[in-house]
Amino acid sequence: MDNKVKKPVVFSALEVANICGVVNQTAINWIRNGYLKAFNTPGGQFRVYPDDLAAFMSSRNMQIPESLLELCENKDAYELNTLLIIDDDRTLNNVISIYMKKIFPRLNIIQAFDGFEAGLQLSAKHPQCLLLDLDLPGINGFDICRRIYEEKEFGNPRVIVVTALEDSSVEEKLTKIGVNHFFRKPLTLDKLAEIVKRSYKSL
């Protein structure tokens with residue numbers, strides 16, 4: 001009987017740099033500045049676990065190689081090309097989902113219908129982009145935006161806000177938070193798709 005314990009896979013700073021397409025010093029700086037979680041070997045060398053590297057790459061909207069995902073214990077949390085649609089109008093949510101899937105067949109689309117469900121999906125899936133309705137039951141869209149841009153617990157997704165609110169100050173408030181893309185309902189789906197496409201490198 002083989003009682004050998006399988007050693008966990010870890011990456012050196014140089015290997016991290018090669019995976020991310022940067023120079024070695026950049027990877028070292030990420031680690032030293034606390035952006036990328038790592039530990040030190042007895043010899044003082046940095047080592048990074050696959051899940052920590054995938055989480056970091058997801059937060060930076062970097063394309064995560066399939067080979068790296070296969071080494072992750074929680075690989076479903078870093079699924080490539082994930083779009084989260086957050087809208088309590090189920091009909092519109094489904095229409096957008098069907099349209100985006102037709103235009104972008106490689107896009108993994110997940111849906112949320114209230115603020116609480118949106119928070120769970122953001123934490124679990126780390127989508128690269130989300131379409132966000134502001135007027136939601138539970139946690140409202142403004143609060144979600146603030147948490148994304150201030151706390152960074154959901155990574156760094158591109159936020160595209162869609163709303164039927166008529167308040168002219170809404171766009172100004174969103175811009176101050178950090179949102180760069182804003183659409184009023186009724187939506188023009190092809191224009192929405194143009195913005196979504198900019199969020200991904202491999203569509």
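Restricted to segment 171-203, and to residues that are open to solvent by less than 70 Å² (accessible area, probe 1.4 Å) and over 20 Å from Ile96 (Cβ atoms), which residue is modelled with the lowest pLDDT?
Of segment 171-203, the ones open to solvent by less than 70 Å² (accessible area, probe 1.4 Å) are 174, 177-179, 181-183, 185, 187-189, 192-193, 195-196, 199-200, 202-203.
Among the residues that remain, those that are also over 20 Å from Ile96 (Cβ atoms) are: 177-178, 202.
Values: Ile177: 84, Gly178: 83, Ser202: 58.
Of everything passing the filter in segment 171-203, Ser202 is modelled with the lowest pLDDT.
Filter segment 101-149 for residues that are of a type in the set (A, V, I, L, M) and more than 18 Å from the chain's Cα centre (by Cα) and give the result.
Here is the first cut: in segment 101-149, the ones of a type in the set (A, V, I, L, M) are 103, 107, 109-110, 112, 118, 120, 122, 124, 130-132, 134, 136, 139, 144, 148.
If the condition is that a residue be of a type in the set (A, V, I, L, M) and more than 18 Å from the chain's Cα centre (by Cα), then Ile103, Leu134, Leu136, Ile139 are the ones that fit.
Give segment 149-163 a look and list any residue that's modelled with pLDDT under 85, surrounded by 12 or more Cβ atoms within 10 Å (Cβ to Cβ) and either touching a strand residue (DSSP E or B) at 6+ places or on another chain (Cβ under 7 Å) or in a helix (DSSP H, G or I) (or both), or say none.
If the condition is that a residue be modelled with pLDDT under 85, surrounded by 12 or more Cβ atoms within 10 Å (Cβ to Cβ) and either touching a strand residue (DSSP E or B) at 6+ places or on another chain (Cβ under 7 Å) or in a helix (DSSP H, G or I) (or both), then Tyr149, Pro157, Thr163 are the ones that fit.
If only one of Asn24, Asn29, Asn93, Asn81 is open to solvent by less than 70 Å² (accessible area, probe 1.4 Å) and touching a Ser or Thr at 6+ places or on another chain (Cβ under 7 Å), which one is it? Spell out the reasoning first.
On the way: Asn24 fails: touching a Ser or Thr at 6+ places or on another chain (Cβ under 7 Å); Asn29 fails: touching a Ser or Thr at 6+ places or on another chain (Cβ under 7 Å); Asn93 fails: touching a Ser or Thr at 6+ places or on another chain (Cβ under 7 Å).
Of Asn24, Asn29, Asn93, Asn81, the one residue that is open to solvent by less than 70 Å² (accessible area, probe 1.4 Å) and touching a Ser or Thr at 6+ places or on another chain (Cβ under 7 Å) is Asn81.
Here are the criteria: (1) touching a helix residue (DSSP H, G or I) at 6+ places or on another chain (Cβ under 9 Å); (2) over 16 Å from Ile85 (Cα atoms); (3) not aliphatic (A, V, I, L, M). Tell me which single one Arg158 does not satisfy.
(2) is the only condition that Arg158 fails.
The values are calculated or read from the model by the stated rules, or taken from the named source; none is laboratory data. Here the structure is a predicted model, which means the values were calculated and not measured. We place every Cβ from the backbone using ideal geometry, glycine too, and count neighbours over all the protein chains shown. Calculation scope for accessible area: heavy atoms of the full protein, side chains included, ligands and nucleic acids excluded. Shrake-Rupley method; radii C 1.70, N 1.55, O 1.52, S 1.80 Å.
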